[in-house]
RNA sequence: CGGGGCGUGGCGCAGCCCGGUAGCGCACCUGCUUUGGGAGCAGGGUGUCGGAGGUUCAAAUCCUCUCGCCCCGACCA
């Protein structure tokens with residue numbers, strides 16, 4: 001295409017609203033424009049990237065045996081009420097009424113719709129397994145959209161749903177998708193890792209997230225340095241550390257005044273005790289009148305998701321002051337396990353091995369010293385409920401876990417029968433019995449994948465697109481379009497590349513060289529062919545690789561051939 | 001939802017405290033010169049100062065309300 005005919009409104013200055021590089025460069029390179037918070041228009045350049053990513057996804061999904069369809073974005077509440085999520089999904093689900101006052105929502109995901117479709121149309125085991133997918137715009141009314149396409153409210157997502165007769169089948173479907181995802185992200189030129197993850201609102205039994213490694217990522221993942229174990233910190237298990245061989249002798253329990261010292265840090269400093277000698281007691285509640293106490297070592301952090309899953313609660317939050325007083329008898333900041341009654345007490349295993357610990361006394365401005373398990377208290381159970389730290393032990397081997405940041409671009413779930421049972425998606429098996437289908441679901445954030453690619457591939461001057469998802473593969477840049485010779489050579493190369501099926505952009509604008517170079521670097525086309533009077537005098541054009549900056553000078557006559565060679569390499 | 005900040009030409013901002021003709025840089029349009037890393041000169045267009053109400057002779061500026069956007073938080077007891 002010709003640059004002069006394309007809408008590519010590049011910006012010289014950083015837009016004030018952009019925080020991360022991918023957002024900045026997408027705005028500056030004229031790929032996206034914001035319409036409202038978390039809602040963006042894809043301009044021609046940006047949409048080309050989106051389509052490249054989509055097509056890679058399509059090819060790999062089709063190769064894996066999935067079938068493409070397209071479901072409505074607007075969904076009736078009745079289906080969501082059937083699955084029970086109309087009540088449980090929360091404010092993220094954008095709801096509205098039509099003119100007849102019927103409730104609808106804009107789909108944040110499509111389990112209900114696909115399950116409805118399949119239960120109406122698939123009845124026999126002979127028709128299973130089946131895997132259906134779509135690439136479609138979703139809407140989730142995020143608390144706080146940010147980072148451009150990284151966390152938008154409206155976004156393009158590929159979502160696939162598999163239906164199987166039995167466990168073995170769903171395992172196979174899951175594995176197929178897992179492999180397809182690996183191929184997709186490899187083809188997109190991304191450094192990524194598949195990690196074990198929590199299943200969140202979608203529900204289900206087992207899942208992996210596909211994380212693109214990037215320091216700006218919103219998720220933290222723990223990877224073992226020895227084996228292949230990797231997990232989101234929301235889920236990452238921790239190998240229980242061995243208890244110290246000889247804990248000190250147990251001293252007598254003692255109450256001590258700690259006026260105004262509520263936080264672990266304040267108490268530790270005040271009593272001259274390291275934080276790891278403290279027991280942090282957190283009172284949590286589920287919003288339905290249940291409360292529980294969680295104990296973790298002072299220098300550890302509670303993993304609410306682990307605790308929530310362990311307690312089997314639908315939601316979890318820190319207890320308010322009133323609840324804390326009711327449950328512990330003291331104000332918040334001074335809660336402790338000794339004498340705590342009437343609510344379940346879950347302790348992290350690390351709490352077991354603290355000898356002569358410090359804990360809240362459940363009284364204003366008082367703490368207890370020399371607290372010991374089991375002499376002074378016995379938790380109802382010990383359970384890994386803390387957040388993994390860099391350097392913790394791997395749960396699968398003797399290795400060590402290290403933390404790094406990632407961007408979640410894909411997620412595969414084994415859903416089980418959660419939706420098929422609540423919505424009656426059953427089939428008749430060989431034995432003539434009606435059974436619920438076993439489901440899996442598999443998502444990829446298309447825009448987020450593009451954004452993640454920029455996070456991994458950029459420099460000071462702009463984006464360095466990986467070839468497979470670049471908006472164009474080659475940029476032909478004549479320095480002076482007023483020169484017949486230069487323009488002629490550029491047009492020739494442009495035509496030849498086009499007819500070889502290469503996505504080529506011709507910068508035919510009558511602009512100064514420096515201006516065009518700056519734009520070229522910004523929009524990040526992988527290969528740039530520069531044609532100028534000077535070079536042409538010697539029959540030479542330059543090919544520059546965006547990422548490496550490497551320049552190759554080739555004879556004009558061989559230019560197209562050389563470029564094709566570099567692309568197909 | 002809590003805290004902080006910001007809405008002034010397409011973009012980035014100044015002006016607001018202390019009310020008195022709406023400005024700067026970039027971008028845009030015209031012409032000439034220039035032409036291998038965001039050119040120079042000359043000329044030009046561009047704004048309901050986010051919106052509504054109020055105070056005032058007079059409001060971008062002061063007051064009230066409202067809408068939008070950005071950042072931090074919404075575990076650290």
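Each value in this text was obtained by applying a stated rule to the coordinates, not by laboratory testing. Just so it is clear, the model here is predicted, and its values are computed rather than measured. Methodologically, a virtual Cβ is constructed for each residue, glycine included, from the backbone with ideal geometry; neighbour enumeration extends over all protein chains shown.
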Quick P(r) readout (the stretch A:324-366; Cα-Cα; 5 Å bins; whole %) gives 6, 22, 29, 23, 16, 4
Volume per residue (Å³) of the convex hull spanned by the alpha carbons of the stretch A:489-533 is 74
For the peptides A:21-28, A:509-516, A:400-407, A:152-159, what is the packing order when you average, over each peptide's residues, the other Cβ atoms within 10 Å and list the highest mean first? A:21-28, A:152-159, A:400-407, A:509-516
Just the projected area, averaged over all directions, of the convex hull on the alpha carbon atoms of the stretch A:126-193: how many nm²? 6.5
The Kirkwood hydrodynamic radius of the stretch A:372-465, taken as the inverse of the mean 1/r over all distinct Cα pairs, in Å, comes to 19.3
Calculated diffusion of the stretch A:398-540, Stokes-Einstein form, Kirkwood radius summed over Cα pairs, 10 °C and 1.306 mPa s, µm²/s: 80
Structure-based [θ]222 nm, chain A - -39500 (n - 2.57) summed over DSSP H runs of at least 4, per residue, nearest 500: -8000 deg cm²/dmol
Considering just Cα atoms, how many Å³ per residue does the convex hull of the stretch A:1-120 enclose? 186
What is the packing order of peptides A:378-391, A:426-439, taking the mean over residues of other C-beta atoms within 10 Å and listing the highest first? A:378-391, A:426-439
Rounded to whole angstroms and listed largest first, the alpha-carbon spread of the stretch A:284-415 along its three principal axes comes to 47, 35, 23
Show log10 I(q)/I(0) for the stretch A:281-361 at q = 0.14, 0.17, 0.27 Å⁻¹, two decimals, from a solvent-free Debye sum over equal Cα scatterers. -0.42, -0.63, -1.49
Largest-first principal axis extents, alpha carbons of the stretch A:218-329, Å: 47, 42, 26
If I fit a long axis through the Cα atoms of helix A:111-121 and take the longest principal axis of the Cα atoms of chain A, what angle between them do I get, 0 to 90°, rounded to 10? 80
Send over the per residue convex hull volume for the stretch A:1-45, Cα only, as a whole number of Å³. 73
Approximate shape of the stretch A:472-512 as ellipsoid semi-axes (Cα gyration tensor, √5λ), whole Å, largest first: 19, 11, 5
Pairs of Cα atoms farther than 17 Å apart, the stretch A:181-241, %: 46
Give me the percent of Cα-Cα pairs in the stretch A:90-165 that sit more than 20 Å apart, rounded to a whole number. 48
Rounded to the nearest whole number, the Stokes-Einstein translational diffusion coefficient of the stretch A:7-73 at 37 °C and 0.692 mPa s (Kirkwood radius, C-alpha pairs) in µm²/s is 237
Work out how much length residue A:491 to residue A:101 would gain on full extension: take 0.36 nm times their residue separation and subtract the Cα-Cα distance, in nm to one decimal. 134.5 nm
Rg and Dmax of the stretch A:245-306, Cα atoms only, in Å: 14.4, 43
Taking only the alpha carbons of the stretch A:102-249, the radius of gyration and the largest Cα-Cα distance, Dmax, both in angstrom, are 19.6, 70
Based on the alpha-carbon gyration tensor of chain A and its eigenvalue square roots a ≥ b ≥ c, which shape applies: rounded if a/c is under 1.5, prolate if not and a/b is larger than b/c, or oblate? prolate
Normalised Cα Rg of the stretch A:334-394, dividing by 2.2 N^0.38 Å with N its residue count, works out at 1.21
Dimensionless Rg over Rh [the stretch A:460-569; C-alpha; Kirkwood]: 0.93
Between 0 and 90°, nearest 10: helix A:513-523 axis offset from chain A longest Cα axis: 40
What's the long-distance tail for the stretch A:442-504, i.e. % of Cα pairs beyond 17 Å? 58
What value does the stretch A:400-441 have for Rg/Rh, both radii from Cα atoms and Rh as Kirkwood defines it? 1.32
